[in-house]
Structure formats: structure tokens, C-alpha cells
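The values are calculated or read from the model by the stated rules, or taken from the named source; none is laboratory data. Only a predicted model underlies this, so the values are computations on that prediction, with no experimental measurement involved. Heads up, the Cβs are rebuilt from the backbone with ideal geometry, glycines too, and the neighbour counts pull from every protein chain shown. What goes into the accessible areas is simple: the full protein's heavy atoms, side chains included, and nothing from ligands, DNA or RNA. Shrake-Rupley method; radii C 1.70, N 1.55, O 1.52, S 1.80 Å.
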There are 4 protein chains.
Amino acid sequence: MCRWLAYSGSPVRIEELLYKPQNSLIVQSLHSHLGAETTNGDGFGVGWYDDQATPAVFHGIEPAWNARNLQELSGHVSSPLVFAHIRASTGSAVQQTNCHPFRYGTWLWMHNGLIRDFMTVKRDLALAVDPALYHRIEGSTDSEIMFYLALTFGLEDDPPRAVERMVGLVEATGRRHGVEYPIQMTIATSDGRSVWAFRYSSEGRSRSLFYSTDVLTLRTQYPDNPVLHALSDEARLVVSEPLGDLEGAWQEVPEASYGVVRDGDDELGPFTPRLPEAMAGGNGVATVRQ
Amino acid sequence: MCRWLAYSGSPVRIEELLYKPQNSLIVQSLHSHLGAETTNGDGFGVGWYDDQATPAVFHGIEPAWNARNLQELSGHVSSPLVFAHIRASTGSAVQQTNCHPFRYGTWLWMHNGLIRDFMTVKRDLALAVDPALYHRIEGSTDSEIMFYLALTFGLEDDPPRAVERMVGLVEATGRRHGVEYPIQMTIATSDGRSVWAFRYSSEGRSRSLFYSTDVLTLRTQYPDNPVLHALSDEARLVVSEPLGDLEGAWQEVPEASYGVVRDGDDELGPFTPRLPEAMAGGNGVATVRQ
Amino acid sequence: MCRWLAYSGSPVRIEELLYKPQNSLIVQSLHSHLGAETTNGDGFGVGWYDDQATPAVFHGIEPAWNARNLQELSGHVSSPLVFAHIRASTGSAVQQTNCHPFRYGTWLWMHNGLIRDFMTVKRDLALAVDPALYHRIEGSTDSEIMFYLALTFGLEDDPPRAVERMVGLVEATGRRHGVEYPIQMTIATSDGRSVWAFRYSSEGRSRSLFYSTDVLTLRTQYPDNPVLHALSDEARLVVSEPLGDLEGAWQEVPEASYGVVRDGDDELGPFTPRLPEAMAGGNGVATVRQ
Amino acid sequence: MCRWLAYSGSPVRIEELLYKPQNSLIVQSLHSHLGAETTNGDGFGVGWYDDQATPAVFHGIEPAWNARNLQELSGHVSSPLVFAHIRASTGSAVQQTNCHPFRYGTWLWMHNGLIRDFMTVKRDLALAVDPALYHRIEGSTDSEIMFYLALTFGLEDDPPRAVERMVGLVEATGRRHGVEYPIQMTIATSDGRSVWAFRYSSEGRSRSLFYSTDVLTLRTQYPDNPVLHALSDEARLVVSEPLGDLEGAWQEVPEASYGVVRDGDDELGPFTPRLPEAMAGGNGVATVRQ
């Protein structure tokens, strides 16, 4: 499995997110508290948005804890929207094309969890990817195929619905192959303006996911904490596990739900997998209400 | 493009093949004379057979000329059947899973050349791979898909015929997508006993391929050359370009042909792409004679 | 810190040592039980002797647990004398030239532990290295300087005495700079025939070190264990921590002692640091008896 | 040998320097026209200044031409002062700690060329490094020792004089060991405000070095060239070889000279190696006028 964080708010240097917190992602790469694996040393990735047309991604195959270029970069790059991910491979090769976040156009995507019996269902899932996108798949992970399936099912138009369809397809495909609990996931995706985060698993016991409490509330609670005053009112973190133990600072994302972080009010809603239209009926037309 | 060599004969330390020759593969990694690219620095691979059930493969993403582990290994491992490959990427990522030789069971496979407009035809070709093999594809190269297509079409039973079918499919698929010359290739494959080498291109101007002249003949020609007396009578090299300039030592593999190196007489024959049966007719049944 | 193993006995495939044991070095790279650090993911190395003039070394900067080439190699190379090491950096860069075992001529050397305040004493120690050897230092670790100091003090003639002098110098140098406990170490070194193992620390609380019980004794104790019958009578392992929990199979090397594994009777003796002659007196002449 | 560029001027995205020019450093990594080696594939480095206290460095051991992270970074980072370097090793290991530019505090340093018979003189040179700096040497190159010698001899106070002393020491040391032409170099160094560039060799036939003509002059010469109008008046490049063939755009740095690029008038002066004071007289006190 893996660990990840997504940040949205006033521009911060990446090291503030990755290295400074007490239980930072770098610390978690050696010793994760809540991860399925305690060591997440099979590569890492950072993605960030700036004034360029597409976000930057930086992928390394060494453990994050000894990655010098990551530390250099983190000390010199600031961004208002940052994704970071550390990987514990569940079998696929440790190579840059298997590192998260994945990018397509302006979109970033990262994942913790797995598609169970992936080797059994991989071909069926790959075939369901839009033929115009298929050749864009560069690596060999389940996570990247999930991304291209979500793109196939409309990620750019309606992210929650597209991810629900992707999961619907993965579950239907897995069950057709006799897999009891086909999917386990937390996911973050962004178009550079909003961040969507998802928590779901077929068995209803999903990997941990937390979001930071509203900064205004925290400031009231801790009027003397300088860190909280340096953050913009809108600043929000979504993380696999809390980066520290400030009481009241972290809220768990509920089972089978998703959240949106964006300008204006954030949003939290239920997540319900549904079969993509094309797969739902025998007549090739949608039979499932949207 | 790439450069490669295949050796079959009495056991030799790999360094004798890779480092000692005047125009060795290591020299070619920096400065190839006959390659489409003069620099072949995008990784390398070695495969060798020994008394284990499957051959060993060793893949590196650094240039062969500065790869210390390759030099160490080559100085300490001997084998009677060695494949070696240096890569010049035509676009796909430099990662171990894209390094040749590829392995499936007891089979090794390596390739120089390319499938043209691969991004256009990749999905169609991947779908033609036996569904039971699809998930074994680990990398993103055309070369690996060619291997799995050849396996799909019977490589383990009749290598020349399987490769002809693979090329037939690639050419038919490319032409359906408007590609004038769909394939350019030299290929070596082995099951640990024989080595098959292929030279073919849609345009009839294939990448260079040479085999070493029979050792007995060379010994008669150069009675005082100690190197020739150290080799077994059966020793044979197949190479992208000659490893030295000993006159008479190298024969060009003719256009559109293949050769087999094995115990007993070697063999050279014409290579004729042909459409796999399943793709040949409208009725889903083979209509092409085998 | 690090973990290591040294094997001497009938030739075995390296995978039997590295991958097969219950608490193998690969397992320890993720989760060491007795190490100062639980994760040893900062590179690895293997050295082995064969019929060549010098031993082979294979160094990787990735974690051993995800190193494909290590697994390939281990499955295909056999040797009667194998060193293997997994690294947890105490600060120096993760690069091949910092990976153990180090090699000089026919000698291999590997180390677990550290020279304390190494940045403070590094220059003094480097200056004490034989000027004819200085330029052979390739990396930046304390371990490699310890090796070249031992070579300077006669490792090739009398390993125990040379290592005692090296430690004597390190302790004197450290104390001159105000370091309370200058050295912490377990060390293995070999010339290809014998293996010497050392356990020592200035504070008298050295890192763990074990050797395998005599195979004949173990066979009597476990008459039905097939593994024990596959090993030669002379086979011996020295390890940072036991590779399994077979009762009676592992003996702790005592504090401040060294052992020799070789043809004929093995040997265990006390280890007493002593100042090298040249450093011992004010007159530049040796004043310490040897 | 190597190739490098140093840029000072209005902030530019690094890709404008590294990827866009016709004969860019990336092109030179595969095929250099003027280099001692045509291929510079043994790693690379970029250093840049921004509003942080120290410059950033990014080092890679893969060839620059296939380095994805370098391309990502270059497309997203802008800086008014950039160093970039591609390496062709003359023997030392390909590892990040041997990649240029080297950094000490606010200073960057990069080098093309070599100290001849470096293995012979390495120890003497390393001993001449200020003992307080010795332990900061991380790699094994001549280039890094040259940097620490220059720091020892006052780089932070008077760069031209410090580099002259460093070269004086290298030449005296080499000659003492019988080396005819001890040094060959072009060097760039910066404190974040000015850039100093040096061209010198013992034999008086130094590696090529060029600087870009004053932008104002070029604009007059090419009134319709939009590139020239996008650059600030102060913009200046110093390069191992011209990045393109715009006539009049490149001036050769004369033999045995140095230049300074800074706010206000740039400067070009003669370069005369001189022995550091401590080494010049028998009384241990400076006898050479400064």
C-alpha cells in the first residue's frame, strides 16, 4: 500500500508539507503508523500546480527518506496545490512510470490500496479504457488503470460520478472473476482548481483517510499557535494519516464517501459505485439512472 | 534502435563477449558504426542459460559503458548461451521492464528496430495477445508485445512460423491504420538449446545482422589465431554489427530470412510474414494454409 | 546501521542464503529484529569468491527487498564463500561506492556500526591511511576508511592484529577530539580462504553478532532436518542476527572478541585494540610490543 | 570531459536554456561538437538561485537526454542565475556526489577538464584542503577537490586570486610528481550575484569556452529577432560550446583568462596561476605578494 497527502491553500514550499511535520510523509516512508505496510520505500512522487499549463510531476524510485533531489526540490518549490505520494509496491515493478501522482493533461491522480487479483482482471479493465487513451498507459499498476478508466467515464466532467463508475466496473469485473472484495482505495484527484478525495472499499473497511479541520476553527481553539496563523483561511490537507497530534486538527473521512476541497464551501458526500452505462444493459444503452 | 549479440557454443565468461572484442557491445554503446543511432545508452540487458530451470536476466537502466555491476558480473559468470542487448529508446521509458532480453519460461527474446506508429496500433496488438498471457506484459515497448504475440502464435512449438505470424499481424494492423512500412526488425530468441535469428522489414531495407563464420573454416584460414582455437567447433555468434575486422569472419544474414543455430547443422531460410489464421478469414476460422 | 552475513562452506546458490531463510537478510531489510534501525533500505551488496583471481562484488542502491537483479543473480550464482550486506545509512550518501562489501585485491570487508563524530575525525583517519592506498578510497563512509586503515596496519599479514591497530587508532583519534565512545562495530573480512569476524565497541555494548553452531552437532540434535544434511561439515555462517529460530543453531560471539572460520578448527579469541607503533611514541618509533 | 552553461540575467525557465536551443546541452549530451568526448552521458546537474538562502542543486546519474525529472523540473522552475552541467566521466564513479555543480554555502562550482594523473596527486591535494573543510568533500572527483582548494585559498573573498592559487598548487604538485601538463580546465563559479568563468590549461590549449555577445549589440544587429528582445539587457551566457549558430552571438574566452558577469560592466582579465603563500616559502609565512 501507500501513503499520500494533498494540499490546497496559500502557496507553501513543499518541504513544509513533506519534511517539517512531526509525522511527515518522509517519516511515514520509514515507519507508517496506520498503513497496511509500515515501510513505504518503493519510490515516491510529487505533483504540483503553478502558472504553467500543466502540473509538474517528479517521480523517484528510491525511498523518499534518502532522496536528495526530493529534499532539494521541496526546499525551493512553492505551490498552492500539491500532491505527494510514497509507495509500497504490492508486486508491480519499482519504476518511475509506476509512481504516483499520474498525470493526464491538467489532471493528477494518486491512490492507496489495490485492485485484488489484479492479474486476473487486468486485461478486462484495460480493454474498457477508451481506445483513444489506451496507449497513454505507461506503467503496470492497478492505480494507473483506475485513472484511465475514470477518464474514460468522464472524470473531466463529473469526477465523483466518473470514479463511481470506475469502481462499479472494477467491482463487476472482479466479481465476474470470483473476487470477493474487488477494490480497496483512497484516491485524490485534481484539475488544478479543486481536489476530490475518495474513500471506499468493497468490504466496507477502507484504508484510513483524514482531512484537516477548518483553519478558522483551529485558530479559535489554539489562538497562540503560529503555524495556524501562517496558513490561509482556505488551506486544507487531505492525508492517509494525520501529520501530527494537534487535538481536533484531523477529521476522518467517513466510509464510502468523497469530499471536494475548493474555493468556497468544501463538500462531503456519499460514494456509491455504479456500473457504467455501456456495461449495464444488453442493448448497449444506459439502463442505470444517473 | 539497439544493438545485440547472441552467443552459442562452449561456455565462455560473458566479458569475453561483451568487453574484450575490438568493436565490443560496450564500445558500440558509446559509438555504434552501423546502428540507426550512434549512441545506445538507454539501458542494457544480459540473459544467460546455465543448469537452472530458467535463464537468468540482468537488466540495467544506466548506459552499459559505465555499468559497474555489468562488468563485475561479466567477469564472473560463464555460460554456453548468452544474449546481450544495448538499448537506444525510440520513446518508451528507460526502465528495467523495458530492457531486453525479455523472458518467458525458458525463452529469451530481444529485438532491434521498431513497430512504426506504435502508439496507433498498440491497443490492437495488445488485444491480439493470448488473454492468458496479457497480464505478463510488464513494460511499454513494442519489442515486448512482439514477444507475447509470437508466444501467442506458437513460438514454443515452431519459432519461425510463430514469428512470421506475429509480423503478419503487425503488418496487417499497421496497414489498416495507414502505416506504409509497419515493421523493422532483427530478432533473436532461444529456448536454451537453439537460437533463432530473424532479419526483416516491411520496406525490405532491414537493420544489419551478421553471423560468425564456421569456426573450422576460420581456423583453416588463420591457423595461428589463438582465439579461434579456444572456441568450440560449434561456437557461433549472431550480432547487429561485426565485433572486429577479421576478414572472412562475418557473414551478413540476407534480407527477409532467418537462421537457426543449434547442435548439428545450422540452418538459414526465407522469412515470409503471414496472417495468423484467426485474423485471416471473415468466418473466424483459419483460411490460410500452414 | 546495517545487517550482514558471511558464509563459508560447500558451494551454495546465493538465494539459499539471502532469500530462503525464515528471517533472511531480505526480510531484515524491511524489518530487522535486532538492528539499531529496523529498516535497512539504503542499498545492499554481495561479494563472492569463485575460480577467478579476485572476488566479485555486486552493489545496489535500491532496497534489497525490491532489487530484481539481486534476486536473479542470487538464483544463478553459487559460491563457497559469500558476503552479503544491507545498509542503513548513518548519513553518508546512498551510492554504489558506499555499499559493502568493499574489495581490495583478494580481500573483502564489511561492517555494521559506526565511527562516532566521523566528520570530526575523518581527516585525521584518512591521513593515517598508507599514502599508496589513499587514492583507492572511492566512497565517503567510515567503514571504507576502517578497511584501508586495516590494510595499512597489515590486514594481509595478520588480520586480528591489523584490526586491533585500526581500532586502537580510531579510539585514540576520537578521544583526542573528545569523543567518549569512538567506535561501534561488527566486521567481517576474508582473503577467500578464511573469514575473520570481529565484535567490539568502545562502550562494551556491541551490536549483535552470531555464528552458526557446528553442523555435526546440529545434525546429532536434529537427525531428521534435511537442510542440515545438505550442508558440508565445514559450513559456517556468521550473521548480525539469527536467520531462523532453530534452537541451538546460533551462538553469540562474545563482547570484544574475534573468530576465524577456516579449513581445520575454527578459532575464537579476545580482541584488544592497540595503538599502531608509529602513533604510540613521541619519538616516531614503535614503543608498543607486538 | 564535460559540457556546461552558466546563465545570468532576467529570470528564465530552465527549459529555455537546456532544451530549446538548437545545439542545447541536451543535444550535446548525445553529440557534442567541440567536446573531448562526443557523448556526455555520465550524469548531469543543474543549480539555480532563487529567494532562498542557498541555491538549489539537482543531480542525476542517468544521461540528460533521457532524464524525465530534469525535463519536468526545467519546464517549471525559473531563475535569474542557472548553472547546468553534463558529465563524461574520466574514470570516477557515476554517482550524484560526483555530479556538478558542487555547492558550498551560497557558492556553486562546475568544471570541464581534468587534473592529469589525479590518482598520483590526489592525496597531496586533499591534504592541502583546509582541515575544517576536508570532511565536506563527498565525492571522488578532481573537480570537487579543486572547489575545496579554491575555498581554502579564499574563493569567497577574491575568486580570481583563489582560483589562481588553486591552479598554482595543482601545477606545482603535479610537476613534483613528474606530470608534464597537470591541469586542463574551464570553470564557472558563483555566489548568486556574480558569475566567474575561467579558461586555462598547463599546455596552453584549453577546452573551448564562449560567452554570449552583449544583448544590446545583438539587438541592433538583428532588429527582428524576438528572442533577443525577450532577454534583459544584462542577460549573459557562458558556455562550453555555442548553443546555436547566430552569427556574432558568441565570443571565445581567450586562453588563460577569466571573466566576470555581474550587475554593471562585465570584466575580462588574464589568468596567472600562482603558488599559495603557505606553499611558496620555506618559513611557513607568505612570501608571495598578494
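Here are a few things to note about the model shown:
- Protein heavy-atom accessible surface, 1.4 Å probe, per residue over region B:1-156: 29 Å².
- On association of chains C and B, roughly 1700 Å² of accessible area becomes buried (total for both chains; probe 1.4 Å).
- Take the Cα of C:Asp214, step 7 Å toward its Cβ, do the same at C:Glu156, and the gap between the two points is 3.5 nm.
- Unit charges on C-beta of K, R, D, E only; dipole of the protein assembly as shown, Debye: 0 debye
- For region B:20-131, Kirkwood radius (reciprocal of mean inverse C-alpha pair distance, Å): 15.3 Å
- Chain D, helix-only ellipticity at 222 nm - DSSP H runs n ≥ 4, -39,500 (n - 2.57), divided by all residues, nearest 500: -7500 deg cm²/dmol
- Contact with the other protein chains removes 40 Å² or more of accessible area, compared with the isolated chain and a 1.4 Å probe, from these residues of region B:117-154: B:Met119, B:Lys122, B:Arg123, B:Leu127, B:Tyr134, B:His135, B:Glu138.
- Å³ per residue enclosed by the Cα convex hull of the protein assembly as shown: 219 Å³
- The percentage of C-alpha pairs in chain B whose separation is greater than 34 Å is 16%.
- Other copies of B:Glu203: label-to-label distances in nm, shortest first, labels 7 Å along the beta-carbon direction: 4.2, 5.6, 7.0
- 3J(HN,Hα) along region C:216-221, derived from phi through the Karplus expression 6.51 cos²θ - 1.76 cosθ + 1.60 where θ = phi - 60°, amounts to 4, 4, 5, 5, 5, 6 Hz, with x in place of Gly and Pro.
- Look at the Cα gyration tensor of region C:153-252: its axes a ≥ b ≥ c give a/c of at least 1.5 with a/b at or below b/c, and that counts as oblate.
- Protein accessible area in chain B, 1.4 Å probe - carbon and sulfur %: 49 percent
- DSSP-loop GluC sites (Glu not before Pro) across region A:145-245, with at most 12 other Cβ within 10 angstrom: A:Glu180, A:Glu203
- Cβ-vector label at 7 Å, D:Gly105, separations to other copies in nm: 4.4, 5.1, 6.7
- Drop in accessible area of at least 50 Å² in the complex versus isolated chain, residues of region D:26-44, 1.4 Å probe: D:Thr39
- The mean sequence distance of close C-alpha pairs (under 8 Å, at least 6 residues apart), as a share of the length of region B:122-265, puts its relative contact order at 19 percent.
- Helix C:118-128 and the longest principal axis of the Cα set of chain C meet at an angle near 80°.
- 10 Å Cβ neighbours from other chains, averaged over peptide D:73-80: 4
- C:Tyr222 label point (Cα plus 7 Å toward Cβ) to equivalent points in the other copies: 5.2, 5.5, 7.6 nm, shortest first.
- Where rotation carries C onto D, the chain C residue whose Cβ is nearest that axis, in whole Å: C:Gln95, 2
- Inter-label distance, B:His177 to A:Ala53: 2.4 nm, where each label sits 7 Å from its Cα along the C-beta direction.
- Candidates C:Val195, C:Val260, C:Val239, ranked by Gaussian network fluctuation over chain C, Cα under 10 Å, top entry: C:Val260
- Degrees between helix D:159-176 axis and first principal axis of chain D (Cα, 0 to 90, nearest 10): 50 degrees
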